[in-house]
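Following: one structure in structure tokens, then a few remarks.
The values are calculated or read from the model by the stated rules, or taken from the named source; none is laboratory data. From a predicted model like this one, the values you see are computed outputs, not experimental measurements. Here Cβ is always computed from backbone atoms with ideal geometry, including for glycine, and neighbour counts include all displayed protein chains.
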Amino acid sequence: MSSWQGLIDSPYRRWLPVPDTAPAVSLHEGATPLLRSAHLSAATDCEVWLKVEGANPTGSFKDRGMTIAVTVAAATGVRSVICASTGNTSASAAAYAARAGLEAVVLVPRGRIALGKLAQAIRYGARIVELEGTFDDCLRVTRELAAHHPAALVNSVGNELRLAGQRTVSYEIVDALGRAPDIHCLPVGNGGNITATWGGYQNYAKEGLAATLPRIWGFQAAGAAPLVHGTPVPNPTTRATAIRVGHPATWDGAIAARDDSGGLIAAVTDEEIFDAYRAVAHRDGVFAEPASAAGIAGLLREHAAGRLTAGQTVVITLSGNGLKDTEASLHDGYEPTETSAATSDVARALGWDS
Ligand code: F0G
């Protein structure tokens with residue numbers, strides 16, 4: 001029986017900067033579902049596919065890069081890894097560090113990360129520091145600490161390994177569709193994933209594995225849209241906490257992905273994000289975290305603005321799992337139907353008593 005063993009022990013290894021002798025630190029990440037969305041396809045007159053990155057082992061796309069970063073860190077003999085995070089990177093770093101027997105130190109903005117992500121980092125045994133400040137403050141401090149202490153920095157900034165791993169999402173998409181999409185939509189926070197996604201398509205095109213390249217459409221939350229405004233945002237705000245980033249570290253990479261692909265980076269409101277968050281769960285059966293829905297919100301906005309051509313193939317990255325942020329769901333209009341345990345009461349509550 002041959003089964004998926006994760007990215008390093010897969011045919012994609014040739015794209016990954018992992019030494020031949022390094023044993024893979026893996027949780028069998030990658031090979032995530034690519035699902036056709038019937039309702040988004042109908043709404044846009046296009047073929048719309050959802051790349052469900054919440055199906056990765058810690059529930060986000062971060063695992064693609066973390067398997068590489070932690071494999072190499074472990075092989076080079078460091079004892080600790082360190083990162084700043086809005087939540088998902090910290091959960092992933094903590095999990096892969098646990099698997100490798102390394103210490104994970106994670107810096108997160110206090111009160112601004114979804115509780116499921118914090119719960120993950122706690123349980124994987126990370127040393128967690130909750131900073132009074134933004135994600136951008138966390139990243140600044142993390143970089144300063146990593147420069148003077150023997151801990152491997154596993155943020156994608158300054159860590160080409162993370163980006164190399166994250167490029168695999170594009171390889172999987174081209175391999176599944178048999179071609180590159182016309183448009184790839186995704187949420188943008190710190191800028192690493194848009195850079196890596198574009199880089200993956202470029203690699204495949206260079207080697208003749210894809211005949212065309214997609215346009216990259218990145219979306220930021222309106223209150224945290226520095227790349228849209230062209231200037232950092234000191235106090236970013238959005239309920240999509242994963243992408244509450246005011247000063248993206250991979251700024252140039254994000255802009256290059258936009259410009260070199262003939263794409264765009266635009267803002268979507270929290271209202272649009274939450275409409276998409278509800279719809280993708282309700283219509284497609286995919287529970288994605290709020291930030292993940294920014295790509296859907298953006299696609300619908302651009303469709304309304306007339307920027308799609310009927311028949312185009314579109315892929316949307318759903319970057320993280322909805323279970324990471326249960327508060328977002330529970331506080332979004334849920335009103336319990338409560339009854340006694342009598343069948344007649346339940347039937348009446350359901351309106352089935354006639
Ligand atoms: N979607 C989710 C669910 C994320 O967690 C992130 C980033 C992004 C999208 C944006 O990706 O930063 O590469 O542009 N989360 C980081 C973290 C900041 O710390 O987990 P990006």
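Just to be sure, is Ile113 in contact with a helix residue (DSSP H, G or I) (Cβ under 7 Å, 6 or more places away or on another chain), at pLDDT 95 or above and not charged (D, E, K, R)? Talk me through it step by step, then tell me what you get.
Details: in contact with a helix residue (DSSP H, G or I) (Cβ under 7 Å, 6 or more places away or on another chain): yes; at pLDDT 95 or above: yes; not charged (D, E, K, R): yes.
Yes: the conditions hold for Ile113.
Yes/no per residue for (1) of a type in the set (Gly, Ala, Ser); (2) touching an Asp or Glu at 6+ places or on another chain (Cβ under 7 Å); (3) under 25 Å from Thr89 (Cα atoms):
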position: Val268; (1), (2), (3): no, no, yes
position: Val280; (1), (2), (3): no, no, yes
position: Gly295; (1), (2), (3): yes, no, yes
position: Leu300; (1), (2), (3): no, no, no
position: His303; (1), (2), (3): no, no, no
position: Ala310; (1), (2), (3): yes, yes, no
position: Thr313; (1), (2), (3): no, yes, no
position: Ser329; (1), (2), (3): yes, no, yes
position: Ala342; (1), (2), (3): yes, no, no
Within region 228-252, of all residues that are within 13 Å of the ligand (Cβ to nearest atom) and of a type in the set (S, T, N, Q), the one farthest from Pro109 (Cα to Cα) is Thr250
For helices (runs of 4 or more DSSP H) lying entirely in region 87-194, having 2 or more residues that are crowded, with 22+ Cβ neighbours inside 10 Å and touching an Asp or Glu at 6+ places or on another chain (Cβ under 7 Å) picks out 88-100
If you go through Val48, Val52, Val18, Val25, the only one that is crowded, with 18+ Cβ neighbours inside 10 Å and either polar (S, T, N, Q) or closer than 14 Å to Ala164 by Cβ (or both) is Val18
By residue number, the members of region 253-280 that are in a helix (DSSP H, G or I), hydrophobic (A, V, I, L, M, F, W, C) and within 15 Å of the ligand (Cβ to nearest atom) are Ala254, Ile255, Ala256, Ala257, Ile273, Phe274, Ala276, Val280
Expected output for region 126-146 (first residue farther than 17 Å from Thr237 by Cα and without any contact (Cβ under 8 Å) to a residue 60 or more places away in the chain, partner buried (at least 16 other Cβ atoms within 10 Å of the Cβ) and charged (D, E, K, R), Cβ below 7 Å, 6+ apart or cross-chain) is Arg127/Glu103
Within region 195-215, the residues that are surrounded by fewer than 24 Cβ atoms within 10 Å (Cβ to Cβ), within 16 Å of the ligand (Cβ to nearest atom) and touching a residue at least 60 places away in the same chain (Cβ under 8 Å) are none
Across region 55-83, the tally of residues that are surrounded by 24 or more Cβ atoms within 10 Å (Cβ to Cβ), closer than 30 Å to Glu302 by Cβ and either more than 22 Å from the chain's Cα centre (by Cα) or among the small types (Gly, Ala, Ser) (or both) stands at 3
Here the qualifying pairs (Cβ atoms under 7 Å; residues six or more apart or on different chains; first in region 258-270 and touching a residue at least 60 places away in the same chain (Cβ under 8 Å); second among the polar types (S, T, N, Q) and assigned to a strand (DSSP E or B)) come out as Ile265/Gln220
Within region 195-224, the count of residues that are within 19 Å of the chain's Cα centre (by Cα) and either polar (S, T, N, Q) or in a helix (DSSP H, G or I) (or both) comes to 11
When every residue in region 281-308 that is in contact (Cβ under 8 Å) with a residue 60 or more places away in the chain and part of a loop (DSSP other than H, G, I, E, B) is compared, the one farthest from the ligand (Cβ to nearest atom) is Leu308
Being modelled with pLDDT of 95 or more and in contact with a His (Cβ under 7 Å, 6 or more places away or on another chain): is that true of Pro226 here? yes
So, first residue in contact (Cβ under 8 Å) with a residue 24 or more places away in the chain and polar (S, T, N, Q) in region 222-248, second residue in a helix (DSSP H, G or I) and surrounded by fewer than 24 Cβ atoms within 10 Å (Cβ to Cβ), Cβ within less than 8 Å, six or more apart or across chains; the pairs are Thr238/Ala222; Thr238/Gly223; Thr238/Asp270
Every listed condition ((1) over 19 Å from Val268 (Cβ atoms); (2) out of contact with any helix residue (DSSP H, G or I) (no Cβ under 6 Å at 6 or more places or on another chain); (3) among the basic types (Lys, Arg)) holds for Arg162 save (2)
Among (1) on the phi < 0 side of the Ramachandran plot; (2) within 15 Å of the ligand (Cβ to nearest atom), Glu144 falls short only on (2)
Exercise. Has region 320-327 got at least one residue that is over 14 Å from Glu289 (Cβ atoms) and either among the hydrophobic types (A, V, I, L, M, F, W, C) or at pLDDT below 95 (or both)?
Worked result: no
